[in-house]
Amino acid sequence: MLNPVTPEFKARLRGLLSAAAFREDTAPYRQEPRGRWTGQGLVVAPANTQEVAAVVKACADAGVPVVPYGGGTGLVGGQLMADGPAPVILSLERMNRIRDIYPMENVLVCDAGVILADIQKAAADAGRLFPLSLASEGSARIGGLLATNAGGVNVLRYGNARAQCLGLEVVRPDGTIWHGLTRLRKDNTGYDLRDLMIGAEGTLGVITGAALKLAPRPVGVGAALMAVPSPTAALELLALAGDRIGDGVSAFEIMHRQGFDFLAEVGPKVKQPFDDIPEWCVLIDVGLPAGLPPDAALEGLFEVAFDAGLVTDGVIAQSLGQRQELWDIRENIPEANRRIGSVSSHDISLPLSAVPDFIARAPGILAGIGDFRINCFGHLGDGNLHYNIFPQQGRTRADDEAARPAVKRVLHDLVHEMAGSVSAEHGIGRLKVDDLERYADPVKLAMLRAIKAALDPQGIMNPGAVLRQV
C-alpha cells in the first residue's frame, strides 16, 4: 500500500536535504502543458545523484510514491499524479552539469537535469552536434527526454533519443544506484538495461545521468519547402530525396494548409512563403559534408521531382536566415494549435505506405461524430503524424469536449487496424494507459507488468503511468 507525504515524512527529508532542495508547490509542477490535469505532491530538487538516492530510499522505506520531474513538457501526463496519496515530486532541475565532453569519441556525459538546448550548445562549442531537436528544447531536460524516448525532427537521420544514448546512471526504486555511464559502443554483457530504462517514463527508476552520442557537424545545411499535390506524392518525394541525397536528408516534415491557416488566424506571426498556400507541402532539411552544396542538392531534387509531377511549387533557402524562416513555420504550428485549443490531439505512427490511406479515410470517420477542423502535420520521414482535431471557427474546445472520447477511439481504432501505434513519440503517461491495454499484445502487457513487479515491487515509481496501478 502506498502512503502520502506526511509532516513527519517531510521532516525526515529535511534532515537529508538542504533548504535549497525544497520547492514551492506551484503551477509548473502541478499543471501539464495542455491544462487537462492538475497534480499534487511535495516538490524536492536534489543537487546530485547521492541526494536522489537518499530521497528514493526514504520513499521506499515509507511507501511514499515518487514522480520524477524533468522540464514538465510532457504531453501525456506522465510528470504529474492527480489521484491517490500525495507523492514526492522529484525534480532534476538542480542537476544541470555537463560532466565531461570527449570530442574525439563523439561523447558527452551530463546530469539528467541539463536542458536540451544547453547540451546542443555544449556540443557545438566542442565542434560537434547533438542532433536531438524538438519544439520544447529550450525547457525540456535530457532525463525526461530519455525517459520518454523522445523523437523530434531529426529522427529520420539520427534516430529517437534511445539511439543517441550510450549509457545511463539510474537510481533504482530501493535507492541503490546503477552506475551504467559507459561510453562503449559495443558491450554484449547481458540484458540491455539502458534500453529498458529509456522509454520507461520513470516507472522503473530515476535517470540521473547520461552518456550521449555526438555527431560530426554538417559543413553545409539547407532547407526547402515544396508544395506537393498529395500525401502519396510526398511519400514518393521522400523516396526520391533518399535516392539522390542519401543520409544527408535530416528531416522530412509534412504540413497541411490548416496549420498555415491557424498561424494566420492566431499567430505566432511567421513569414508566409507562398502567395497561395498549397493543400499539402513538405519541409526538407539537409546537412551535407564539404564539397556538396545543399542548395544545389535541393535544386536538383526539385527539378527532377517537378518533372515527375511530385511537386508543383517550392522555396529553397538561400541563407541560414531563410532556412530558419522555413523552420519557423513548422516549429510554430504547435503553438498555434495550443492557442486554438484542440478537441483531441493524436501522436500516431503508421507504416509509411499506409500514411496516405489513413489521411484519406480518417475525415470520413470523424464526420460521423461531428464537424471539425483537422490539422495534420508531422515527421513523414519516420511515419509519425500529429493528427489533431479542432472545433470549427466560432466554437471552442469546451463546446466539443463531449465528443473527445469518441474522436480518440475511432482514430486510434483506425491506427491499430492499419498496424500503427497510438503513441509514436510522446509516450503513454497516464493519458494513454487505457489505449495500451486496448491495443497492445496481451503477451507484451504481461511482460511489461512482470518487469515492473520485479524492479519496483512496492510500486512506488511513478504509479499509474504506463501501467495501471493495481
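Cβ under 9 Å from Val155's Cβ, Val155 left aside: what net charge do those residues give with Lys, Arg +1 and Asp, Glu -1? Present the calculation step by step, with values, prior to reporting the outcome.
Numbers: positive: Arg157; negative: Asp382, Glu425.
Its environment carries a net charge of -1.
Taking Cα centre as origin and charging only the Cβ of basic (Lys, Arg, +1) and acidic (Asp, Glu, -1) residues, the dipole magnitude of the chain rounds to 1520 debye. For the listed peptides 218-228, 273-283, 399-409, a ranking on the average number of other beta carbons within 10 Å per residue, highest first, reads 218-228, 273-283, 399-409. Label sites at Ala135 and Ala27, each approximated as a point 7 angstrom past Cα along Cα to Cβ, lie 1.9 nm apart.
Pull out a ≥ b ≥ c, the square roots of the eigenvalues of the alpha-carbon gyration tensor of the range 85-233, then state rounded if a/c is under 1.5, prolate if not and a/b is larger than b/c, and oblate in the remaining case. Working shown, then result.
Values: a/c = 1.74, a/b = 1.47, b/c = 1.19.
Prolate shape, in that a/c is at least 1.5 and a/b is the bigger ratio.
Of the residues Lys452, Lys186, Lys432, the one with the largest accessible area comes first in the ranking Lys186, Lys452, Lys432, computed with a 1.4 Å probe on protein heavy atoms. Under 21 Å of direct C-alpha separation, and excluding same-chain neighbours fewer than eight residues apart, Lys444 reaches these lysines: Lys432, Lys452. Annotation: extensible slack from Arg244 through Thr182 equals 18.7 nm (criterion: 0.36 nm per residue apart, minus Cα-Cα distance). Solvent-accessible surface (1.4 Å probe) assigned to Val410 amounts to roughly 40 Å².
Counting alpha carbon pairs within less than 8 Å and at least 6 residues apart, what relative contact order, in whole percent, applies to the chain?
On the way: 973 pairs, mean separation 75.4, N = 470.
This gives 16 percent for the chain.
Of the residues Arg244, Arg361, the one with the largest accessible area comes first in the ranking Arg244, Arg361, computed with a 1.4 Å probe on protein heavy atoms.
To put it simply, the accessible area of the chain at a 1.4 Å probe is 52 percent carbon and sulfur. Relative to the longest principal axis of the Cα atoms of the chain, the long axis of helix 231-245 lies at roughly 90 degrees. In whole Å, what is the distance between the alpha-carbon centres of the range 323-384 and the range 296-319? Cα centres, the range 323-384 to the range 296-319: 24 Å. The C-alpha atoms of the chain define a longest principal axis, and helix 294-307 lies at about 60 degrees to it.
Shown in residue order for the range 185-196 are the 3J(HN,Hα) couplings computed by the Karplus curve 6.51 cos²θ - 1.76 cosθ + 1.60 at θ = phi - 60°: 9, 9, 7, 9, 10, x, 4, 8, 5, 4, 5, 5 Hz (x for Gly and Pro).
Average accessible surface for the chain: 42 Å² per residue, computed with a 1.4 Å probe over protein heavy atoms with every protein chain in place. The alpha-carbon of Lys186 sits under 21 angstrom from the alpha-carbons of these lysines, leaving out residues fewer than 8 places away in its chain: Lys213.
The values are calculated or read from the model by the stated rules, or taken from the named source; none is laboratory data. All of these numbers come straight from a predicted model, not from anything done at the bench. Because the Cβ atoms are built from the backbone with ideal geometry, glycine has one as well, and the counts that use them run over all protein chains shown. Heavy atoms of the whole protein, side chains included, go into the accessibility calculation; ligands, DNA and RNA do not. Shrake-Rupley method; radii C 1.70, N 1.55, O 1.52, S 1.80 Å.
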